[in-house]
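Accompanying notes for the structure given below.
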Amino acid sequence: MDLATFPWLTTVTLLPLAACVAIPFLPDDNGKTVRWYSLAVGLIDFVLIVAAFYLNYDFSQPGLQLVESYTWVPQLDLKWSLGVDGLSMPLVLLTGFITTLATLAAWPVTLKPKFFYFLLLAMYTGQIGVFACQDMLLFFLFWELELIPVYLLLSIWGGKKRLYAATKFILYTAGGSLFILVAALAMAFYGDTITFDMTALAEKVYPLRMQLLLYGAFLIAYAVKLPIIPLHTWLPDAHGEATAPVHMLLAGILLKMGGYALIRMNLGMLPEAHTYFAPVLVILGCVNIVYAALTSFAQRSLKRKIAYSSISHMGFVLIGIASFTNLGLSGAVLQMVSHGLIGASLFFLVGATYDRTHTLILDEMGGIGKKMPKIFAMFTTCSLASLALPGMSGFVAELMVFVGFATSDAYSFTFRLIAVICMAIGVILTPIYLLSMLREIFYGPENKELLEHQELVDAEPREVFIIACLLVPIIGFGFYPKMLTQIYDATTQKLTDRLSQVFVAEAELTQGSAPIAALPVLRAPSVSQ
Amino acid sequence: MNSVDTLDTLYQYAWLVPVLPLLGAVVVGTGLISYGEATSKLRQPAAIFIVSLIGAAMVFSFAIFWSQVQGHPPYTAMFEWVSAGDFHIQMGYTIDHLAALMLVVVTTVAFLVMIYTDGYMAHDPGYVRFYAYLSLFSSSMLGLVISPNLLQVYVFWELVGMCSYLLIGFWYDRKPAADACQKAFVTNRVGDFGLLLGILALFWATGSFDFEIMGERLTDLVNTGSLSASMAAVFAILVFLGPVAKSAQFPLHVWLPDAMEGPTPISALIHAATMVAAGVFLVARMYPVFEHIPTVMTVIAYTGAFTAFMGATIAITQNDIKKGLAFSTMSQLGYMVMAMGVGAYSAGLFHLMTHAYFKAMLFLGSGSVIHGMESVVGHDPALAQDMRLMGGLRKYMPVTAYTFLIGTLAICGIPPFAGFWSKDEILGSTFAVSPLLWAVGWVTAGITAFYMFRMYLSTFEGTFRGNDDGIRRDLKRAQLQRMGMSLGPGAMNPQELTLDAVQDDHDDHGHSHAHEPHESPLAMIFPLMALAVPSVLIGLVGTPFANYFEAFIHPPGEVEAVLETAEAFDWSEFALMAGSSVAIATAGIILSFLMYSTKVIDAGAIAQTIKPLYNLSLNKWYIDDIYEVVFVQGSRKLAKQVLDIDIRIVDGLVNLAGLVTLVTGEGLKYLENGRAQFYALIVFGAVLGLVLLSGVT
């Protein structure tokens, strides 16, 4: 087998889908075989992903690597084309990692286990496909492919209001993806050549008006996914009803698709429009951070609290994307990976707590720290990671966004000042709601009522193992972020270089009527030196 | 190998100082999380492991300190931490005079506190966990003091805050502890909000996180006019907000008294000797930036002076021995900050060092007292820490009493104890800059002497009141009333509960508790005795006539001929300054004796005559109450409103849209059948169809 020409990406993308075909034929013993089988598939696929990147990926190359392209429909120039660059490679890794752990987290699932694992593996393929594909139409197919398992996972294994939540989820996201389809078709058919190839699409020159329309369409679709306020209300419902493993996937990977696509398409393919829309992204990001943090504080349901905290954290991704600096963009990517890990761990712990207390209402909890010291310790650690404690990945990501945005030359001083203050207010609000949450669950005298009804047992080794796996990279990236940033640095550098060229050109072009982003710029003294 | 090589090896491995305790914390922490019960049983081995690691770090620190005293040049090692394109952030460590001094102070206090912990926490089920936290804290604090740039300071700044959070909430089943740890973290985050903005602003302006470079470039920018002086002042004040929170300066001091809910060893280590002094340390590190901006120096000086005065006035009326010491800490930190603000750089740091030793000893002493009291009144902080139940303890706990007395004399500024030299130097330098600030500091010194002796006298002298049921009943009632008030009126009837509770207490105490307190075990009194030595003697390194301390620690960039100042030392001026501060301290002590020892003056009667002032002090100037209404309830209300908007308007519109669809009948089918996936399937199918169709044509 030739390692260099082996179709790595196709293999890792399709392996889980191929493997789930065999699930119906496995012996039915209450899901015991099928869960080992799924875990093995997940693990093998993850190992293959790591091997593929280890053998063939070169950090110093900014462009696509491990490219595979097979013609599917020649008349349409539709290709099965996969490839990764610095942007998608960490997210593919994250997908493999989180999905494998989610499979392990799904151990206690007893309702229709075969179908459950079938969907989990199908989702695996959909998620990797979204990050790895380099063809617009293929992207759309994967995007939709991954919706169906999520819908079913929500509507069959969810909580009491699962049907409502699942319907809301599917209407929102499918509605959003219509915009992707329309925009993709418009881009494909524009100009002389009809193509769905992303690289070719990025090279096409679109008139500004069309760019703005396309940008708007993509933004709506990805705003649903990320989510951006006010298109976020599906998320608390979906997260409020999902079971722990689905939760981990929703928070760990699905939200990242929105951020990834924003960078790949809005920023990468429509840079001119980006210079106009960027201030809007910053404002939306600030709203996300502060508004969601406040809502999270007022929430009385544990899952919804964490769900809103995810929304709040995604605000930093938006601001990083809009920062016009490599540092900010790197911060945004790091924040996606970091939140993928932290969000997954928090949601897993929420599930573990719920398994014991059988309630999500904070008022009914309290004082359970004594009975569950390990869960208490892990919950505290992950909450501290989520509130961006230094030494953990969230801090580095937020810091990079802060510094990147604060030193960006694209915005006026006042605009930056206000935005940075909003972000910093988020930094105060995050510990308020997270620590209040910890206090209400674990601290205080033992809750007699709860103890009477539920037997509170501490974490089992499987649960400690899952959290330990998630904490290793969280702390690792926190201590030495270069480990991760060097993977994508070349790619983000290339993207920002192109963006700043466009920005300068655009600023010159519209000197008479300045675009919003080019408001009178107060240059940072450090840069002018 | 010659001596230069060995020295460089010493510096190359200096990173071990914070890493050794980290190792201890990680090993024990991992053990706790994976084999909780087994590790919890390994009490002594875990403690010995962690104490020997901090001991090794201490020896290392002394070696570094000695080599710095010998005149080894400062040493800095850096590595690249983050890079994005041509942007780099470096991390590393730096060893200079200030860092070496702080290393020694932190490791010695941490080492002694850890020995003390063995006695104090002997019966606590969380013994091992406590050691792991202590070790983690020591590691973060040591990392903080060797940080080479502002960003790394911020990193460790947050980490020590986290350790403080974990340790204040160590007894997490106590509600006050749960509230206090959150309050501490959030209040500190408010300060860090300013610090973060300040760091960003300074980086934006100067393009560096390095203290010296920031100072230089900022001065240049202001001088050339590219940055207005007021802007530079705002940046610097934002940075100063960090120390305001960490060093418990007004208006962000509210967390420190509540932090006393944590076990006493950490009150000594974190909330008296080391972490709270980190604010003063940061001001010292930021000196190259601050000293060129007069506005900031003024703000710093007045903040410090006001805090010193306020803390002292509140300390007068406290009955909880630890709360009293906490307000005293706040007041002493105010002195240090004021010293920094008036430009008395080395005096401020000198007081930091002396205060670290004598205040750690006072806190450990109070812990010893509480330990002794618990054998009489039981494990109830409301009773065991209240000075109204103490008295006459010198008879039962002589070592604790005499070391506490040494600490009291040191903090009052009685020569030749350590506090005299450092406080006198601060007051002397302040007088040269601003007589008003000096007056505040001088009055505060008198109040300090008064409340410290009030504390000493009511704890150790007189007769033991611990078995007085009347006082116990009163205290219990007051505590329940406080709790009842915090739950809101009508939540419970305090009177009923009081009776029950006291009844319970009676049964409890009649059987299981001794009638006399006892002296603490050796593990606890050894650190007290060890700390008594520097509390008495360490001031002698900084006497005005031979100031070795100032020769070693002086503002960066200021190669002052210290010896000359020593030669120009003016005896008459020293006599005047020292005389006036000793005089007011003595006055405070005498007044205290009259009120609490001989009872010539009735303290209660005075409190009655100046009722409003008394209440102001007792209620901590009502600042907690104001914050509770404005910030705590305000933010809750705001959050509730935002959530309402989210549910009713944002989500309401969505559901309304759904309803409209339902009513028009289009959506009815699939919603009722619950098969909305058809929708997705249709989209999916349409695309596939499109693909195939275009493939055919």
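If a residue has to be out of contact with any helix residue (DSSP H, G or I) (no Cβ under 6 Å at 6 or more places or on another chain), more than 14 Å from every other protein chain (Cβ to nearest Cβ) and not polar (S, T, N, Q) to count, how many in the stretch B:73-94 make the cut?
Final tally of qualifying residues: 4.
For the stretch B:147-168, which positions are over 18 Å from the mean Cα position of the chain (by Cα) and facing chain A (nearest Cβ under 10 Å)?
B:Leu151, B:Gln152
Can you find, within the stretch B:252-287, the residue that is surrounded by the most Cβ atoms within 10 Å (Cβ to Cβ) among those that are within 17 Å of B:Val342 (Cβ to Cβ) and not hydrophobic (A, V, I, L, M, F, W, C)? Give the derivation first.
First, the residues of the stretch B:252-287 that are within 17 Å of B:Val342 (Cβ to Cβ): B:279-280, B:283-284, B:286-287.
From the residues that got through so far, the ones that are not hydrophobic (A, V, I, L, M, F, W, C) too are B:279, B:287.
Numbers: B:Gly279: 25, B:Tyr287: 22.
Restricting to residues being within 17 Å of B:Val342 (Cβ to Cβ) and not hydrophobic (A, V, I, L, M, F, W, C), the top hit is B:Gly279.
Would you mind finding the one in B:Ser67, B:Ser40 that is farther than 30 Å from A:Ile487 by Cα, surrounded by 15 or more Cβ atoms within 10 Å (Cβ to Cβ) and within 14 Å of chain A (Cβ to nearest Cβ)? Walk me through it before giving the result.
On the way: B:Ser67 fails: within 14 Å of chain A (Cβ to nearest Cβ).
Residue meeting the stated conditions: B:Ser40.
Take A:Val205 and tell me if it is surrounded by fewer than 20 Cβ atoms within 10 Å (Cβ to Cβ), within 14 Å of chain B (Cβ to nearest Cβ) and hydrophobic (A, V, I, L, M, F, W, C).
The answer is no for A:Val205.
Which pairs have Cβ atoms under 6 Å, sit 6 or more apart or on different chains, and link a residue in the stretch A:218-240 that is on the phi < 0 side of the Ramachandran plot and within 12 Å of chain B (Cβ to nearest Cβ) to one that is modelled with pLDDT under 90 and assigned to a loop (DSSP other than H, G, I, E, B)?
Going by the 6 Å Cβ cut-off, the qualifying pairs are A:Val224/A:Leu231; A:Leu235/A:Pro227.
Considering only residues of the stretch B:182-199 that are within 7 Å of chain A (Cβ to nearest Cβ) and β-branched (Val, Ile, Thr), which is farthest from A:Phe442 (Cα to Cα)?
Filtering the stretch B:182-199 for residues that are within 7 Å of chain A (Cβ to nearest Cβ) and β-branched (Val, Ile, Thr), the one farthest from A:Phe442 (Cα to Cα) comes out as B:Val190.
For every residue, the table says whether it meets (1) crowded, with 16+ Cβ neighbours inside 10 Å; (2) closer than 28 Å to B:Phe631 by Cα; (3) in contact with a Gly (Cβ under 7 Å, 6 or more places away or on another chain).
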{"site": "A:Pro431", "(1), (2), (3)": "yes, yes, no"}
{"site": "A:Glu455", "(1), (2), (3)": "no, no, no"}
{"site": "A:Val464", "(1), (2), (3)": "yes, no, no"}
{"site": "A:Phe477", "(1), (2), (3)": "yes, no, no"}
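Answer yes if at least one residue in the stretch A:362-385 is buried (at least 24 other Cβ atoms within 10 Å of the Cβ), part of a helix (DSSP H, G or I) and touching a Lys or Arg at 6+ places or on another chain (Cβ under 6 Å), and no otherwise.
For the stretch A:362-385, residues buried (at least 24 other Cβ atoms within 10 Å of the Cβ), part of a helix (DSSP H, G or I) and touching a Lys or Arg at 6+ places or on another chain (Cβ under 6 Å): absent.
Looking at A:Leu334, is it within 29 Å of A:Phe465 (Cβ to Cβ), part of a helix (DSSP H, G or I), more than 12 Å from chain B (Cβ to nearest Cβ) and under 17 Å from the mean Cα position of the chain (by Cα)?
no
Which of the residues belonging to the stretch A:66-97 are within 12 Å of chain B (Cβ to nearest Cβ) and modelled with pLDDT of 90 or more?
none
Residue check: is B:Val113 at pLDDT 90 or above, closer than 30 Å to B:Val289 by Cβ and β-branched (Val, Ile, Thr)?
Judged against the criteria, B:Val113 is not a match.
Of the conditions (1) facing chain A (nearest Cβ under 10 Å); (2) at pLDDT below 90; (3) under 30 Å from B:Ala63 (Cα atoms), B:Trp171 clears all except one; give me its number.
(3)
Could you give every pair whose Cβ atoms fall below 8 Å, whose first residue belongs to the stretch A:101-117 and is among the aliphatic types (A, V, I, L, M), and whose second residue is not in a helix (DSSP H, G or I), counting only separations of at least 6 or pairs across chains?
A:Ala106/A:Thr243; A:Val109/A:Gly31; A:Val109/A:Thr243
I'm trying to understand the selection: among the residues of the stretch A:366-416, which are more than 7 Å from chain B (Cβ to nearest Cβ), out of contact with any Pro (no Cβ under 8 Å at 6 or more places or on another chain), among the aromatic types (Phe, Trp, Tyr) and farther than 24 Å from B:Thr30 by Cα?
A:Phe405, A:Phe413
Take the stretch A:191-232 and flag every residue that is at pLDDT below 85 and of a type in the set (S, T, N, Q).
If the condition is that a residue be at pLDDT below 85 and of a type in the set (S, T, N, Q), then A:Thr193, A:Thr195 are the ones that fit.
Being part of a helix (DSSP H, G or I), of a type in the set (Phe, Trp, Tyr), surrounded by fewer than 24 Cβ atoms within 10 Å (Cβ to Cβ) and in contact (Cβ under 8 Å) with a residue 12 or more places away in the chain is the requirement here; does B:Phe156 meet it?
yes
Within the stretch B:137-150, is there a residue that is in contact (Cβ under 8 Å) with a residue 40 or more places away in the chain and either surrounded by fewer than 22 Cβ atoms within 10 Å (Cβ to Cβ) or farther than 27 Å from B:Phe350 by Cβ (or both)?
no
Starting from residues that are within 14 Å of another protein chain (Cβ to nearest Cβ), charged (D, E, K, R) and out of contact with any Asp or Glu (no Cβ under 8 Å at 6 or more places or on another chain), keep the ones in the stretch A:110-164 and report whichever is nearest to A:Gly175 (Cα to Cα).
Among them, the one singled out is A:Glu144.
Hey, can you tell me all the residues within the stretch B:513-539 that are surrounded by fewer than 22 Cβ atoms within 10 Å (Cβ to Cβ), touching a residue at least 12 places away in the same chain (Cβ under 8 Å) and out of contact with any Phe, Trp or Tyr (no Cβ under 7 Å at 6 or more places or on another chain)?
Across the stretch B:513-539, the qualifying residues are B:His513, B:Ala514, B:His515, B:Pro521, B:Leu522, B:Ile525, B:Phe526, B:Met529, B:Ala530, B:Leu537.
From A:Phe179, A:Phe139, A:Phe131, which residue is in contact (Cβ under 8 Å) with a residue 40 or more places away in the chain and closer than 24 Å to A:Thr233 by Cβ?
After ruling out the rest, the residue left standing is A:Phe179.
Among A:Arg304, A:Arg300, which is the only one that is within 12 Å of chain B (Cβ to nearest Cβ), within 21 Å of A:Ile253 (Cβ to Cβ) and surrounded by fewer than 24 Cβ atoms within 10 Å (Cβ to Cβ)?
A:Arg304
Tell me, please, whether a residue that is among the charged types (D, E, K, R), at pLDDT below 80 and either assigned to a helix (DSSP H, G or I) or in contact with a Gly (Cβ under 9 Å, 6 or more places away or on another chain) (or both) can be found in the stretch B:451-466.
Checking the stretch B:451-466: not a single residue is among the charged types (D, E, K, R), at pLDDT below 80 and either assigned to a helix (DSSP H, G or I) or in contact with a Gly (Cβ under 9 Å, 6 or more places away or on another chain) (or both).
Considering only residues that are more than 15 Å from B:Val280 (Cα to Cα) and away from every other protein chain (no Cβ under 11 Å), look in the stretch B:233-251 and name the one that is surrounded by the most Cβ atoms within 10 Å (Cβ to Cβ).
So the residue we want is B:Phe235.
Within the stretch A:337-361, count every residue that is within 14 Å of chain B (Cβ to nearest Cβ) and outside any helix (DSSP H, G or I).
Number satisfying all stated conditions: 0.
May I ask you to verify whether B:Asp179 is surrounded by fewer than 21 Cβ atoms within 10 Å (Cβ to Cβ), facing another protein chain (nearest Cβ under 10 Å) and assigned to a helix (DSSP H, G or I)?
yes
Working only within the stretch A:238-260, note down all residues that are small (Gly, Ala, Ser) and either in contact with a strand residue (DSSP E or B) (Cβ under 6 Å, 6 or more places away or on another chain) or assigned to a helix (DSSP H, G or I) (or both).
Passing the criteria: A:Ala238, A:Gly240, A:Ala244, A:Ala251, A:Gly252, A:Gly258, A:Gly259.
The values are calculated or read from the model by the stated rules, or taken from the named source; none is laboratory data. Predicted model only: the values in this text are computed from it and were never measured. Counting neighbours? That spans all protein chains shown, and the Cβs are built from the backbone with ideal geometry, glycine included.
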